[in-house]
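The values are calculated or read from the model by the stated rules, or taken from the named source; none is laboratory data. What you see is a predicted model; the values in this text were computed from it and never measured. Because the Cβ atoms are built from the backbone with ideal geometry, glycine has one as well, and the counts that use them run over all protein chains shown.
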Amino acid sequence: MTVDALMNWFAKLGDFPELAFILAVLICAVPVFLFIALYALVAIYGELKISSFMQDKVGPMGQGVGLHAGKWGLLQPVADALKLILKEDIIPTSADKKLFILAPFIVFIGAFIAFAALPFNQNLIIADMNIGIFYILAVSSLGVIGLIMAGWSSNNKWSLYGAMRSAAQIVSYEIPAALSIIAVIMLTGTLSMQGIIQHQSGFVWGILPNWIIFQNPFTFVAFFIFFISGLAECNRTPFDIPEAESELVAGAFTEYSGMRYAFFFLSEYANMFIVSGIAVTAFLGGWQSPIPGIFTSPAWGLWWFMSKAMFLIFVMIWFRWTFPRLRVDQLMNVCWKGFTPIAMVNIFGVGIWHLMLG
Amino acid sequence: MKKYFANIWGTITTLKTGMGITWRHMINIKKDNVTLQYPEERWPRPERDIGFEHEDYNVIRSRLHVDIDDCIGCLKCERACPVDCIKIDTIKAPTRGEDIPDIGHTGVTENGTNKALVVSRFTIDMSECCYCNLCVYPCPEECIYMVGGPNSPKHPIDYEFSEFNRKDLIYEFSKPLTSEQKSELMNPKPDAEA
């Protein structure tokens, strides 16, 4: 939508379609990057504070004299980001230099381009493609190539182990995630992100908003399968065996420092937002208000989308500080023996329910 | 098959229990918090009574203190100090045993000694002090001693010695003198001598 609007506007100025396309894309890309950076600061602050609260600590606090982290430690993520940017950028001598330099950017691009199809409200979506959700699922797994590049080029056993585990995990968990999205697509009949959200307006069962999660018991299960598979795809605890700081130092990121490490970090948080964004769009009504009919303006739409997404990110942080890490075999058990068969059954269930009762 | 679903059910319920625990800790953070914001909050200090009177137990090595009015500037403590953390500068007083009220100098010590020197600087660097107590014994006027132990009536307990600036650990005991006052003391005017 935004890209189209910009291109139409450029078309009025003159006849230069190729340049107009490049300009429109660049103008959309800058705010998205700023949004990711800003959101990452908020999420890191939330992670620091919530993790501390769950462990009966207070987290970063700015009290006392001299340089400190501001009121309630609000400046702590800014200080962290500055530190990461200013740190020395070390490339190991035995590393494959080209791949080593390229890897963090590929991981980041995988997260970054998925933002193009996230609908922030009725109008604010960079490109409302008719294959939106398929596009996001496809490009968000691009990051795994970057991870393998990072692990291989570092020439380090921890990195390679981390990258291999990460690849195995992401490829496996794509399947239950995509299968539970199929259940959604069967109900909505469209792959477009805006189309999926528009399908979810009004009421269901009399009082509940007509979100897909409430439409039938099978989609309720599908939501949890998708959310947890998404958690595994962004390598968050309890599925963080690729990073596993107690056994693999930092997994594929072991040899990285400074700016490049910051990019891995940024893309990890961006991936969390993408998973939350898809879950909100596909199951929780996107920018639809929880009370259908009121608070429906675009500004409220942005608020509902962001608050739902941030709530899911809070749940991810909550998971991280509650659950212990799964072992590799347990991880694969959960995926292949748990989620995949249930997601398959879900597809049939949703279809039968829709035929009989829909 | 039954075991499979029992497993799933067990997983869901136990995860719920775990999340409940962390949630309760998070919302009760005000009550459960164990972190002290150190410089602003401190643990309560234990009672000072340890069963001894101060006189019986005054060798506790807590912090050096100097009664500068009694100091005659003999430099014995400076020489005794094994780490050279005591620094003393002296200027010859115009008249022996006479008060100089301008700079707060007293002429006679508590023991009745007439002071011949004005102590213009008496600093102890507490970051270097090794609490060996060796400077206390040679002092002829008994004006340098350890304070702040339990039951010490004179001085508050400071068990931390923590400062935000390292320079604040250099304790200055002498009366502050301006450079004019110093030069006046060093070069007495002829008519003042007469």
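The table that follows gives values for the structure above.
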| item | result |
| --- | --- |
| Among residues of segment A:119-156, those that are free of Cβ contacts under 8 Å to residues at least 24 places away in the same chain and either polar (S, T, N, Q) or closer than 23 Å to A:G301 by Cβ (or both), counted | 1 |
| Condition met for A:W303 (within 14 Å of chain B (Cβ to nearest Cβ) and not in a loop (DSSP other than H, G, I, E, B)) | no |
| From the options B:L75, B:L64, residue that is without any contact (Cβ under 8 Å) to a residue 24 or more places away in the chain, hydrophobic (A, V, I, L, M, F, W, C) and farther than 17 Å from B:K182 by Cβ | B:L75 |
| Criterion (assigned to a loop (DSSP other than H, G, I, E, B) and surrounded by fewer than 20 Cβ atoms within 10 Å (Cβ to Cβ)) met by exactly one of A:I352, A:I291 | A:I291 |
| Selected residue (only one of B:I86, B:I91, B:I124 is touching a residue at least 24 places away in the same chain (Cβ under 8 Å) and over 24 Å from the mean Cα position of the chain (by Cα)) | B:I91 |
| Condition met for A:I101 (among the β-branched types (V, I, T), assigned by TED's automatic domain parsing to the domain that holds A:A232 and in a helix (DSSP H, G or I)) | yes |
| Selected residue (criterion: surrounded by the most Cβ atoms within 10 Å (Cβ to Cβ)) from residues of segment A:221-255 that are in contact with a Gly (Cβ under 6 Å, 6 or more places away or on another chain) and part of a helix (DSSP H, G or I) | A:A252 |
| Any hit, segment A:70-87, residues being within 30 Å of A:R327 (Cα to Cα), crowded, with 18+ Cβ neighbours inside 10 Å and of a type outside the set (K, R) | no |
| Boolean, B:P94 is assigned by TED's automatic domain parsing to the domain that holds B:P140, of a type outside the set (A, V, I, L, M, F, W, C) and modelled with pLDDT of 80 or more | no |
| Single unsatisfied condition, A:V78 versus (1) over 30 Å from A:A127 (Cβ atoms); (2) within 14 Å of another protein chain (Cβ to nearest Cβ); (3) not acidic (D, E) | (2) |
| Number of the condition not met by A:D96 [criteria: (1) over 23 Å from the mean Cα position of the chain (by Cα); (2) more than 14 Å from chain B (Cβ to nearest Cβ); (3) surrounded by 17 or more Cβ atoms within 10 Å (Cβ to Cβ)] | (3) |
| Lone qualifier among A:Y256, A:Y269 - being hydroxyl-bearing (S, T, Y) and closer than 30 Å to A:T340 by Cβ | A:Y269 |
| Selection from segment A:11-28 of residues that are within 23 Å of A:P119 (Cα to Cα) and either touching a helix residue (DSSP H, G or I) at 6+ places or on another chain (Cβ under 8 Å) or modelled with pLDDT under 75 (or both) | A:A20, A:F21, A:L23, A:A24, A:V25, A:I27, A:C28 |
| Residue among A:F264, A:F339 that alone is assigned to a helix (DSSP H, G or I), out of contact with any strand residue (DSSP E or B) (no Cβ under 9 Å at 6 or more places or on another chain) and away from every other protein chain (no Cβ under 14 Å) | A:F264 |
| Some residue of segment A:199-212 being closer than 30 Å to A:A79 by Cα and touching a residue at least 24 places away in the same chain (Cβ under 8 Å) | no |
| Search result, residues across segment A:311-336 that are modelled with pLDDT under 90, away from every other protein chain (no Cβ under 13 Å), touching a Phe, Trp or Tyr at 6+ places or on another chain (Cβ under 9 Å) and in a helix (DSSP H, G or I) | A:L331, A:C335 |
| Failed condition for A:M344, given (1) under 23 Å from the mean Cα position of the chain (by Cα); (2) surrounded by fewer than 24 Cβ atoms within 10 Å (Cβ to Cβ); (3) at pLDDT 90 or above | (1) |
| Sole residue being of a type outside the set (S, T, N, Q), in a helix (DSSP H, G or I) and either buried (at least 19 other Cβ atoms within 10 Å of the Cβ) or touching a Lys or Arg at 6+ places or on another chain (Cβ under 9 Å) (or both), chosen from A:I145, A:I181, A:I175 | A:I181 |
| Residue within segment A:265-284 that is over 17 Å from the mean Cα position of the chain (by Cα) and in the same structural domain as A:V107 (by TED's automatic domain parsing) present | no |
| Any hit, segment A:114-128, residues being touching a Cys at 6+ places or on another chain (Cβ under 6 Å), more than 14 Å from chain B (Cβ to nearest Cβ) and not in a helix (DSSP H, G or I) | yes |
| The one condition in (1) within 14 Å of chain B (Cβ to nearest Cβ); (2) of a type in the set (G, A, S); (3) over 24 Å from A:F108 (Cβ atoms) that A:A5 fails to fulfil | (1) |
| In segment A:307-358, the residues that are among the charged types (D, E, K, R) and in contact (Cβ under 8 Å) with a residue 24 or more places away in the chain | A:K308, A:R320, A:R325, A:R327 |
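Here is a yes/no grid of residues against (1) of a type in the set (K, R); (2) on the phi < 0 side of the Ramachandran plot; (3) crowded, with 17+ Cβ neighbours inside 10 Å; (4) more than 14 Å from the chain's Cα centre (by Cα):
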position: A:P119; (1), (2), (3), (4): no, yes, yes, no
position: A:S141; (1), (2), (3), (4): no, yes, yes, no
position: A:S153; (1), (2), (3), (4): no, yes, yes, yes
position: A:A163; (1), (2), (3), (4): no, yes, yes, yes
position: A:V171; (1), (2), (3), (4): no, yes, no, yes
